[in-house]
Amino acid sequence: MSTNQPAPSPSALIRIAQLHKSYKLIDADGKTIENAVLQNINLNIEKGEFVAIMGHSGSGKSTLMNILGCLDTPTSGDYWLENQNVAMLSNDALARLRNRYIGFVFQGFNLLNRMTALDNVAVPLLYAGENRASSRQQAMEQLRRTGLEKFAMHHPNQLSGGQQQRVAISRALINQPPLILADEPTGNLDTQTSQEIMVLFERLNREQGITIVLVTHEKDIAAYARRLILIKDGSIVYDGDQALENALDPVI
Amino acid sequence: MRALRMNRLRTGLTMLGMIIGVAAVVLMLSIGQGAQTKINQSIETMGSNLFIVLPGATSSGGLSFGSGSVKTLTVNDAMAIAELPTVNATGPVISGTAQLNFNAKNWSTSITGTTPDYFMVGNWTIEDGSIFSETDVRSAARVVVLGSVTAENLFGTINPVGKTIRITNRPFLVVGVLAAKGQSLSGRDQDDNVFIPITTSERQITGNQFPGSIRYMLVQGKSAETMEEAEIEITQLLRQRHRISDGMENDFTVRNLTAIADVATDTAKILSIVLGAIASISLLVGGIGIMNIMLVSVTERTREIGIRMAIGANRNAILIQFLLEAIMICFMGGMIGVILGIGSAWIISQLIDMLVVITLSMVFLAFLFSSAVGIFFGFYPARKAASLKPVDALRYE
Ligand SMILES: Nc1ncnc2c1ncn2[C@@H]1O[C@H](COP(=O)(O)OP(=O)(O)OP(=O)(O)O)[C@@H](O)[C@H]1O
Ligand SMILES: [Mg+2]
């Protein structure tokens with residue numbers, strides 16, 4: 001196994017050391033068995049990186065993303081985000097962390113269907129303590145930047161998948177987080193729209209220096225990232241350059 | 001709040017539980033308060049330190065009012081009791097009904113034959129003219145004092161004092177009109193009544209099989225402190241006068257009306273509380289309805305909760321969101337319920353002749369109670385929502 005032990009880097013945005021995640025399952029005999037989903041994950045991600053995570057279905061990609069997003073907790077091991085040990089933070093502190101430092105983009109868009117696109121984008125600002133008027137105003141500007149101002153008053157079910165994902169990305173960006181976590185953001189989109197979304201990510205990464213970590217099953221989506229991480233059965237089996245991975249392809 | 005609007009029917013039905021609960025509480029409280037107020041009004045007009053002495057023994061079921069065959073109490077008994085040191089005055093009464101005429105007007109009402117002291121003991125005040133005198137009683141004069149309702153019915157706007165009316169065809173001079181008193185504790189209209197000297201009544205109007213016997217007498221004690229003593233003295237005196245040997249039952253009954261009034265007040269209070277408590281149960285049921293619907297809502301919106309948590313909602317934000325929804329339902333339901341309660345109380349007071357009293361504190365209480373129900377029953381579902389793990393909530397389908 002070519003597990004790539006990252007060099008210690010105190011400036012890294014994300015530092016993960018010896019992280020494990022397992023679920024307790026009850027088997028047919030009523031016995032509890034441990035189902036290890038992530039094993040000995042060591043990972044550093046610097047500010048401004050664009051990382052793609054790939055792996056077979058069930059390999060643990062989403063589990064890792066949830067832990068990165070402070071939505072889930074590891075069974076053991078350490079996770080530092082912006083030099084904060086996540087395990088030490090209270091629920092409220094984690095909520096604040098998600099609000100300020102992380103933007104989420106999901107495969108299923110996960111917009112709030114009862115609200116307009118504009119209000120959806122404004123919600124993180126409200127949770128950050130902004131007032132409604134200024135939140136709306138900032139949300140409008142954000143939608144303009146993503147080319148969606150025409151759809152501000154539309155509800156999610158009045159938007160195409162690509163438009164919904166753009167609204168979701170606008171929402172992820174509204175608090176200007178240093179990190180965007182995208183779990184199969186193009187999974188529900190056609191090739192053309194997927195490309196557009198990826199161009200948007202690429203631009204955000206290049207122009208604003210936002211760190212992007214995305215999970216995908218598609219090679220040409222992953223090709224937008226500069227760094228590739230391959231996960232197999234809960235372990236990182238490759239972590240490095242896109243180009244080198246192609247050489248390893250037959251191995252995996 | 002948006003969620004409430006999206007599910008109008010469901011919210012409306014949940015609110016209905018609250019509306020009915022609050023309306024029931026307001027209605028029941030106002031009925032209870034009405035009963036209390038009415039009793040207090042009767043008691044205020046009743047006179048203080050009052051006994052009623054009736055002929056006949058106490059039956060096991062309570063008083064044997066108007067047992068016409070028993071003629072054991074006399075005017076002389078009343079006079080003797082009035083001399084007791086603990087007694088202020090007595091008012092003996094014989095009564096019946098009579099036909100009154102003034103010009104072409106006819107009115108049938110109850111007639112009370114009594115003495116001047118009766119008006120003092122019974123806490124009557126004179127509106128116009130005067131009451132009849134001891135001399136009128138001695139001479140069995142044909143003079144009459146009218147109750148306010150009777151005066152109104154016979155005379156309308158004319159001043160009755162100095163006019164002559166006919167009572168069972170005999171002319172009587174109206175000497176006075178009494179101030180209105182309203183209903184008695186037993187619900188009788190005390191103002192539809194005429195008063196004549198007891199002697200006149202006995203000899204000319206009601207007649208009397210046993211001369212000197214009376215229907216009942218009112219006795220006023222000297223003070224509230226000596227009421228028990230007075231009751232003993234009255235009993236002893238009457239036993240002595242009626243020659244009742246030891247071990248024999250009384251042939252009369254002494255009742256402390258002031259004590260009965262106290263019991264009536266207490267009863268009305270208990271009635272209020274019981275009515276309120278019963279109505280509160282419907283409020284409780286409404287509250288459970290809210291809890292139920294909020295739990296469904298939390299389950300339905302688990303994914304929404306997950307999304308909100310992912311984009312930065314902390315537990316308090318989620319808790320407050322759901323709690324506010326519950327309180328909103330309760331508050332709006334409470335408001336409509338209060339209006340409905342007041343409305344139905346008003347309708348009841350119009351349809352049947354019942355006094356209902358709505359006080360601000362009552363409305364306030366209903367509001368407070370409904371909001372408390374909202375907080376109480378909304379809290380559990382809200383906390384359930386807030387304590388979800390973000391990852392589990394997000395994964396929920
Ligand atoms: N809550 C849970 N309880 C038990 N097992 C779980 C739970 N969540 C995930 N798993 C298991 O963890 C493993 C990894 O799941 P994960 O969702 O991370 O896979 P993935 O790599 O994202 O797959 P896909 O590409 O299909 O999205 C799976 O075998 C799954 O069954
Ligand atoms: Mg996945």
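The values are calculated or read from the model by the stated rules, or taken from the named source; none is laboratory data. Please read these numbers as outputs of a predicted model, since none were measured by experiment. Glycine gets a Cβ as well: all are built from the backbone with ideal geometry, and neighbour counts include every protein chain shown. Remember, those area values only see protein heavy atoms, side chains included, never the ligands or the DNA or RNA. Shrake-Rupley method; radii C 1.70, N 1.55, O 1.52, S 1.80 Å.
At an R0 of 45 angstrom, the distance between the Cβ atoms of A:HIS154 and A:ASN91 translates into a FRET efficiency of 0.85. Using heavy atoms of the protein chains and a probe of 1.4 Å, the accessible area assigned to A:ASP241 is about 80 Å².
Here the spin labels are modelled as points 7 Å beyond Cα on the Cα-Cβ line, and at A:ASN40 and A:ARG203 they lie 4.4 nm apart.
The residue list A:GLY129, A:TYR101, A:THR63 was ranked by how far each Cα lies along the charge dipole of chain A toward its positive end, using unit charges on Cβ atoms, and A:GLY129 comes out on top. Farthest towards the positive end of the charge dipole of the protein assembly as shown, among the residues A:THR73, B:LEU238, B:PHE195, is the Cα of A:THR73, using unit charges on the Cβ of Lys, Arg, Asp and Glu.
What FRET efficiency comes out for the pair A:SER11/B:ILE281, r = Cβ-Cβ distance, R0 = 60 Å, nearest 0.05? Using R0 = 60 Å, I get an efficiency of 0.40.
Within region B:290-315, the residues that become at least 40 Å² less accessible when every protein chain is included than when their own chain is isolated (1.4 Å probe; DNA, RNA and ligands ignored) are B:ILE307, B:ARG308, B:ALA310, B:ILE311, B:GLY312, B:ASN314, B:ARG315.
Using a probe radius of 1.4 angstrom, the carbon and sulfur fraction of the accessible surface of chain A is 49%. Other protein chain C-beta atoms within 10 Å of residue C-beta, averaged over A:92-103: 4. For region B:196-255, the equivalent ellipsoid derived from the Cα gyration tensor has semi-axes of 27, 18, 8 Å, listed largest first.
Residues of region B:376-391 whose accessible area, computed with a 1.4 Å probe over protein heavy atoms, drops by at least 30 Å² once all protein chains are present relative to their chain alone are B:LYS389, B:PRO390, B:VAL391.
Taking Cα centre as origin and charging only the Cβ of basic (Lys, Arg, +1) and acidic (Asp, Glu, -1) residues, the dipole magnitude of the protein assembly as shown rounds to 1100 debye. The residues B:TYR118, A:TYR23, sorted by heavy-atom accessible surface at 1.4 Å with ligands and nucleic acids left out, run A:TYR23, B:TYR118 from largest to smallest. The lysines whose alpha-carbon is closer than 22 Å to the alpha-carbon of B:LYS163, local same-chain residues fewer than 8 away aside, are B:LYS105. With both residues required to sit in chain B, DSSP beta bridges show an antiparallel share near 80%.
In this structure, B:ALA57 and B:MET328 have a Cβ-Cβ separation that, at R0 = 51 Å, corresponds to a calculated FRET efficiency of about 0.20. Evaluated with a Cβ-only charge set (Lys, Arg +1; Asp, Glu -1), chain B carries a dipole of roughly 1880 debye about its Cα centre, given to the nearest 20.
Whole number in Å², please: accessible area per residue of chain A, 1.4 Å probe, ligands, DNA and RNA not counted.
On the way: 11430 Å² over 252 residues.
That works out to 45 Å² per residue.
Its DSSP H runs of at least 4 residues, each contributing -39,500 (n - 2.57), put the calculated 222 nm mean residue ellipticity of chain B at -17500 deg cm²/dmol, to the nearest 500. Maximal additional length on extending the B:SER344-B:ASN316 stretch stands at 6.1 nm, based on 0.36 nm per residue less the C-alpha distance. Taking the centroid of alpha carbons for each part, region A:58-97 and region B:308-346 are 35 Å apart. Highest GNM mean-square fluctuation among A:ILE67, A:ILE26, A:ILE236, for chain A modelled with Cα contacts below 10 Å: A:ILE26. Sorting B:TRP124, B:TRP346, B:TRP107 by accessible area puts them as B:TRP346, B:TRP107, B:TRP124; the probe is 1.4 Å, largest comes first, and only protein heavy atoms count. For region B:71-250, give the share of DSSP beta bridges that are antiparallel, in percent and rounded to the nearest 5; count only bridges with both residues there. The antiparallel fraction comes to roughly 75 percent.
Among the GluC sites (Glu not before Pro) found in region A:72-163, those both in a DSSP coil and sparsely packed, with 16 or fewer other Cβ atoms within 10 Å of their Cβ, are A:GLU82.
Taking 7 Å steps out from each Cα toward its Cβ at B:MET248 and B:THR168 produces label points 3.2 nm apart. Mean sequence separation of contacting Cα pairs (under 8 Å, at least six apart), scaled by the length of chain A, corresponds to a relative contact order of 27 percent. The P(r) of region B:71-250 has a tail past 26 Å containing 33 percent of all C-alpha pairs.
For region B:71-250, which whole percent of the accessible surface, found with a 1.4 angstrom probe, sits on carbon and sulfur atoms? Intermediate results must be reported in sequence, preceding the final value.
Working: 4120 of 8570 Å².
The C+S portion of the solvent-accessible surface of region B:71-250 is 48 percent.
Dipole size of region B:220-328 about its Cα centre, with +1 on Lys/Arg Cβ and -1 on Asp/Glu Cβ: approximately 760 debye, rounded to the nearest 20.
Chains A and B: what accessible area do they bury, summed, in square angstrom to the nearest 100, with a 1.4 Å probe?
Answer for the A-B pair: about 2100 Å² buried.
Taking every protein chain into account, the accessible area of region B:78-166 amounts to 44 square angstrom per residue (probe 1.4 Å). Across all Cα pairs in the protein assembly as shown, the calculated P(r) in 10 Å bins from zero up to the longest distance comes to 3, 12, 15, 13, 9, 7, 6, 6, 7, 8, 7, 4, 1, 0 percent per bin.
Residues with beta-carbon under 12 Å from that of B:ASP191, excluding B:ASP191: net charge, scoring Lys, Arg +1 and Asp, Glu -1? Present the calculation step by step, with values, prior to reporting the outcome.
Numbers: positive: B:LYS181, B:ARG188; negative: B:GLU127, B:GLU152, B:ASP189, B:ASP192.
The answer is -2.
Measuring only protein heavy atoms, the 1.4 Å probe finds B:THR97 accessible over about 110 Å².
The candidates A:GLU34, B:GLU397, arranged from most to least accessible area with a 1.4 Å probe in the full protein assembly, appear as B:GLU397, A:GLU34. Could you name the lysines in cross-link range of A:LYS21, using Cα to Cα under 24 Å and dropping any fewer than eight places away on the same chain? Leaving aside lysines fewer than 8 places away in the same chain, those within reach of A:LYS21 are A:LYS31, A:LYS61, A:LYS232, B:LYS389.
Shown here for region B:183-277: trypsin sites (Lys or Arg not before Pro) in loop regions (DSSP other than H, G, I, E, B) with at most 16 other Cβ atoms within 10 Å, namely B:ARG188, B:LYS222, B:ARG243. Scanning chain B for DSSP H helices at least 30 Å long along the axis (C-alpha atoms) with a Kyte-Doolittle mean no lower than 1.0 picks out B:257-300, B:315-351, B:360-386.
Compared with the dominant Cα axis of chain A, that is its longest principal axis, helix A:117-127 is turned about 70°.
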